[in-house]
């Protein structure tokens, strides 16, 4: 008897032009287009195995070894039934295909980064779910077509169906069939873009992005201006910057749009804050680092961006990452040694950090150990990968293997 | 020989609709109208004595016992010469008047609140300067006419020429002659509006409002929308709320406009932050305090507002101030006993504070002693006062008396 099973991994993405606001909360249609960089799965990824079997009694899903309820009409159920619908189309065209669409599925998913890292795992998670089911079902669908389904799991998940630089085009159709992800440029176009994630400790329980963004849609008097007038121009400008590998323009727009996303969150009633004093201090450091470069006749060397939480993601050309790590470590002593996946520092390690010449140390005060809990160095990466059978997360019994 | 000397005091004002941005930096003409509450001079005031004498060799000014340079073409020089111009008009109409406009002046000014309190003293300071010179020169000018001159010292100073609730109408004329303060309602219309100022400790040197607001004008893509579409409607709505003594509407608009001012500061490139984690925690407390009231069928009971710094000003009807002090003290233990100018607490004092029934204590974490350095309880107050000769700050020699 055949085993119908496939395993795929999918990457995290971090937006440069931010998604904030839905025009349709059920279909997850956004109020504006957005654009992100896909991060390397060698460092951060979700891995998912999906299996269809006539013996299964219901659809089941395990996330990080805990079984999750698949609520009827919920986002998970929608994604699974949409994937089964695409499989049914394959079966209807080719009667020789096994009727997998009529079988229940078991799905097992794991993230290789701790939840405590505060990184949104829903994007990589739903992308890996969709990618593994597409492999299981041998769908002819393109990444853009699959992105339509991942979008209904978690909006930003649609952007994790591609590597490189990815736009989520907001679309205009009421059924959402034109609200999908497209590749702006592949990883290979600009592989030099690296990212340093500063995982920031936070005492405060934040507002969830799902409820927060709708409160902004309902109460911010500035959001509509952003949607209608600011984002369209920025989407064009940053796409052009990516095509031209113009880091200066890319960085400027990325920082401006991060700021504006947090500005409309603050313009919400009651206001929403995601950044804290540590986040603000990291911004001050990057602003000063860029100021020194520009004062010396150079260009912007780094760009910060913040999602719905206090963590900073710093984009920079690879050649600047060493200086940036030294800068961050100087103000934010690390509880553990910097994991140095690209071998920037050699055996001696980072040490106590240092500042570039001309840097004004008074732009921020040094914090205590652990204010920035962890630094993750990664880079632009590729799209979802179909993995070999040996990497499956489900055992021969169709249940999760021990982690 | 006659002594020509007058002393006046002027109040602090705290805006509900914020002034942020100049369309003319020399004349200090704003990009939008604003509206403030004048605070009681019994608690916070600037006091200024001005004297004109034929024997003086130049215009001189002492601020808090330190002599300040009066720079040619600077704001101080502009205010003094404008006041002399008005005096000259009086002298030209009535030849019997002494020619005070041709004498140099000595001016001595003191604030009764420490600079360390982080309260902007330029508004009360320039208002007191103008009020004392108006008294010295026996000008027939109305407060609105004097506000045109105070405005050229410091924009928000124009609003300290009136008590109660005051609008600064932005005007449209290039010479600024219609950019002046008007009374929306006097103190006596709604004397029940009290204010609790939370003086917040800050490690960070903030961006000055003068340079910050122009960076916002130059770089924020949201500011123009605020100016053209948001503020005009809010000015009308809050004026109506004041006329109707509708605290619920007054509070809602005040908080929304504070948030939006900080939102456009954050939308600036590089971004400007004035609030810190303590400021954010106070917002969370007031939001929760209001939520409990509304959940019980009541209305908003307090409104926070933040100027270009981390200090909170909380407006509330007098009857709510006791609960608010108890709330703030619960999360922000005070280094010194609460000065209780209205006798809310009796001999036992505030104690360790407490929460109203139904308040969710998890909305903020408690801070250490001194995160909020000081609490100042005051209320809506009157406009500038001309004081008696005994209260003069200049001695018979025309130099500052010992403090």
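Say whether the condition of being touching a strand residue (DSSP E or B) at 6+ places or on another chain (Cβ under 6 Å), within 17 Å of residue A:149 (Cβ to Cβ), not in a strand (DSSP E or B) and not assigned by TED's automatic domain parsing to the domain that holds residue A:245 is met by at least one residue in region A:32-49.
no
Residues in region B:12-31 that are over 17 Å from the mean Cα position of the chain (by Cα) and assigned to a strand (DSSP E or B): how many?
So the count comes out to 4.
Could you list all residues from region A:257-274 that are more than 7 Å from chain B (Cβ to nearest Cβ) and more than 20 Å from residue B:216 (Cα to Cα)?
Selection gives A:272, A:274.
Applying the selection to region B:345-372, what residues are more than 14 Å from chain A (Cβ to nearest Cβ), touching a residue at least 24 places away in the same chain (Cβ under 8 Å), touching a helix residue (DSSP H, G or I) at 6+ places or on another chain (Cβ under 8 Å) and surrounded by 12 or more Cβ atoms within 10 Å (Cβ to Cβ)?
Residues satisfying the conditions are B:350, B:353, B:354, B:355, B:356, B:359, B:372.
Go through region A:188-235 and give me each residue that's more than 14 Å from every other protein chain (Cβ to nearest Cβ), free of Cβ contacts under 8 Å to residues at least 12 places away in the same chain and within 23 Å of residue A:166 (Cβ to Cβ).
A:210
Restricting to region B:60-98, give me the number of residues that are on the phi < 0 side of the Ramachandran plot, out of contact with any helix residue (DSSP H, G or I) (no Cβ under 6 Å at 6 or more places or on another chain) and in a loop (DSSP other than H, G, I, E, B).
8
Only one of these conditions is not met by residue B:80: (1) surrounded by fewer than 21 Cβ atoms within 10 Å (Cβ to Cβ); (2) over 22 Å from residue B:390 (Cα atoms). Which number is it?
The one condition residue B:80 does not meet is (1).
Being in a helix (DSSP H, G or I), more than 24 Å from residue A:278 (Cβ to Cβ) and either touching a residue at least 40 places away in the same chain (Cβ under 8 Å) or more than 14 Å from every other protein chain (Cβ to nearest Cβ) (or both) narrows it down to one of A:177, A:144, A:172, so name that one.
So the residue among A:177, A:144, A:172 that is in a helix (DSSP H, G or I), more than 24 Å from residue A:278 (Cβ to Cβ) and either touching a residue at least 40 places away in the same chain (Cβ under 8 Å) or more than 14 Å from every other protein chain (Cβ to nearest Cβ) (or both) is A:144.
Take the conditions outside any loop (DSSP other than H, G, I, E, B), modelled with pLDDT of 95 or more, at negative phi and away from chain B (no Cβ under 13 Å) and apply them to residue A:314. Does it pass?
The answer is yes for residue A:314.
Considering only residues that are in contact (Cβ under 8 Å) with a residue 12 or more places away in the chain, assigned to a helix (DSSP H, G or I) and away from chain B (no Cβ under 14 Å), which ones fall in region A:239-256?
Listed by number, the residues that qualify are A:239, A:241, A:242, A:243, A:247, A:250.
Name every residue in region B:22-40 that is buried (at least 22 other Cβ atoms within 10 Å of the Cβ) and more than 23 Å from residue B:76 (Cβ to Cβ), in order of residue number.
The answer is B:35, B:37, B:39.
Quick check on residue A:300: is it within 28 Å of residue A:266 (Cα to Cα), assigned to a loop (DSSP other than H, G, I, E, B) and touching a residue at least 40 places away in the same chain (Cβ under 8 Å)?
yes
Restricting attention to region B:99-122, report how many residues are assigned to a strand (DSSP E or B) and either without any contact (Cβ under 8 Å) to a residue 60 or more places away in the chain or loosely packed, with under 15 Cβ neighbours inside 10 Å (or both).
Count: 3.
Out of all the residues in region B:298-336, which are over 18 Å from residue B:378 (Cβ atoms), surrounded by fewer than 20 Cβ atoms within 10 Å (Cβ to Cβ) and in contact with a strand residue (DSSP E or B) (Cβ under 7 Å, 6 or more places away or on another chain)?
Listed by number, the list holds a single entry, B:335.
Quick check on my filter: what residues within region A:275-297 are out of contact with any strand residue (DSSP E or B) (no Cβ under 8 Å at 6 or more places or on another chain), part of a helix (DSSP H, G or I) and more than 7 Å from chain B (Cβ to nearest Cβ)?
A:281, A:284, A:285, A:288, A:289, A:290, A:291, A:292, A:293, A:294, A:295
The values are calculated or read from the model by the stated rules, or taken from the named source; none is laboratory data. None of the values given here were measured: they were computed from a predicted structure. Every residue, glycine among them, receives a Cβ derived from its backbone with ideal geometry; neighbour counts consider all protein chains shown.
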